[in-house]
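The values are calculated or read from the model by the stated rules, or taken from the named source; none is laboratory data. Source: prediction; values computed, not measured. Note that each Cβ is placed from the backbone with ideal geometry, even for glycine, and that neighbours are counted across all protein chains shown.
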Amino acid sequence: MITNLQVIRALAALAIVFYHTDFRLFSDVHTDFTAVRIFFVLSGFIMSYSTRKDSRNFLVKRVVRIVPLYWISTTLILIWGNLGFTNPYRVLPLFLNWLIKSPFQILVWIQQNHGLDNQTTLLALVKSFFFIPYINSGGNIKPLLGIGWTLNLEIFFYLIFALPLKISKKYAPILAIIFIGTIELMTKSLECDLTLCLFYYSQNIVWLFVIGIICFYIWDAVTEKTTKKFKGLLLWSAIFLAITFFVLNLTPIAEFSVFVQTIFYYIGGYILPALVILCTVLLQKAGWQCTWAPILLLGDASYALYLTHTLFIETFANIGQHFPLFDPKTSPISVLLILGMTSLFAIVVYKKVELPLLKYLRIKFVT
């Protein structure tokens, strides 16, 4: 196992949490440190790496890994939000008053709010659960759990990757690249206006999966002997990359010309995520391996962190309207509290829900 990638998972998940707080740095810089893109590159690498040794039941394994916790998180956040618990400043006094004077009113409240509002139709719920993109009431192509848009793309990639695995385990990643390229060309030539085409096939971000596959082949081609020979150079390169990464992500590019912004976009959006993953895995091959248990545990819990963090952010945002200290948009203390609480909650979910569920489902469905 490449444990260094768990570190990247943990840091990328935290970066996404930070981004969703809407807190601004320096000259109004709002960044996720290209975390979503890093996750896509990481996915391309991991699928190539994991299936090289064992490609049996590929889709079943991915469904077991992705779907149950996504369904649970979507349901939890829908019910929690529509029952009003993301606004405790309003709801808690009501509940306390009812608890003292009329406990039955609590049941009435729950009965009236089933976790579904006017915008949350049954069809939207089904489409969200089964990763079918659709245009919501706000005109965006997002599922009910907004961050699930990335999972729609992940599922698309898994389906694309599963087909070539049936043809050749060894060359499946290369065939997946060909399939993605073919779909891209077909979509553009047909000028497809369907939601599926717009969301899946016409986004340049899909090519990050391909970049992840290329990173795997580069990593696979570089021998352990070579990495250890240039161990020092590799470490200094990683330090330089880290500095460059933060400088580019913290630079207010809106102040530059369109040409410079375009360069920043391609470097920061495609080259840097690839270099982060490639440098991370080469460092471990050279002997620079992270073994710090807390960060590795957070890496394990990164999926739970990704799925559940918006619950905390919405709650803090509502509280922050009355108490500025807790407003994540303006308060660094609030941001730190959110990062800490979401991380702890994710670890609990991972240990008490996700891990037991994964063990059960793998025994049940993965042979």
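When restricted to residues that are surrounded by 12 or more Cβ atoms within 10 Å (Cβ to Cβ), closer than 30 Å to F156 by Cβ, more than 22 Å from the chain's Cα centre (by Cα) and not β-branched (V, I, T), segment 204-240 contains 3. Pull out all pairs, ordered by first then second residue, where Cβ-Cβ is under 7 Å, the residues are six or more apart or on different chains, the first lies in segment 246-270 and is under 17 Å from I38 (Cβ atoms), and the second is of a type in the set (D, E, K, R) and assigned to a helix (DSSP H, G or I). Pairs that qualify, where the first residue is under 17 Å from I38 (Cβ atoms) and the partner is of a type in the set (D, E, K, R) and assigned to a helix (DSSP H, G or I), are G269/R37. V91: aliphatic (A, V, I, L, M), in contact with a Pro (Cβ under 6 Å, 6 or more places away or on another chain), on the phi < 0 side of the Ramachandran plot and at pLDDT below 95, yes or no? It is false that V91 is aliphatic (A, V, I, L, M), in contact with a Pro (Cβ under 6 Å, 6 or more places away or on another chain), on the phi < 0 side of the Ramachandran plot and at pLDDT below 95.
Look through segment 54-79, keep the residues that are touching a Gly at 6+ places or on another chain (Cβ under 8 Å) and either in contact (Cβ under 8 Å) with a residue 60 or more places away in the chain or buried (at least 16 other Cβ atoms within 10 Å of the Cβ) (or both), and return whichever of them is farthest from L307 (Cα to Cα).
So the residue we want is L78.
Is it fair to say F23 is part of a loop (DSSP other than H, G, I, E, B), touching a Ser or Thr at 6+ places or on another chain (Cβ under 8 Å) and aromatic (F, W, Y)? Considered against the rule, which asks whether it is part of a loop (DSSP other than H, G, I, E, B), touching a Ser or Thr at 6+ places or on another chain (Cβ under 8 Å) and aromatic (F, W, Y), F23 comes out as yes. Note on segment 249-263: residues that are over 21 Å from the mean Cα position of the chain (by Cα) and surrounded by 15 or more Cβ atoms within 10 Å (Cβ to Cβ) total 2. Every test in (1) buried (at least 16 other Cβ atoms within 10 Å of the Cβ); (2) out of contact with any strand residue (DSSP E or B) (no Cβ under 9 Å at 6 or more places or on another chain) is passed by V29 save one, and that test is (1).
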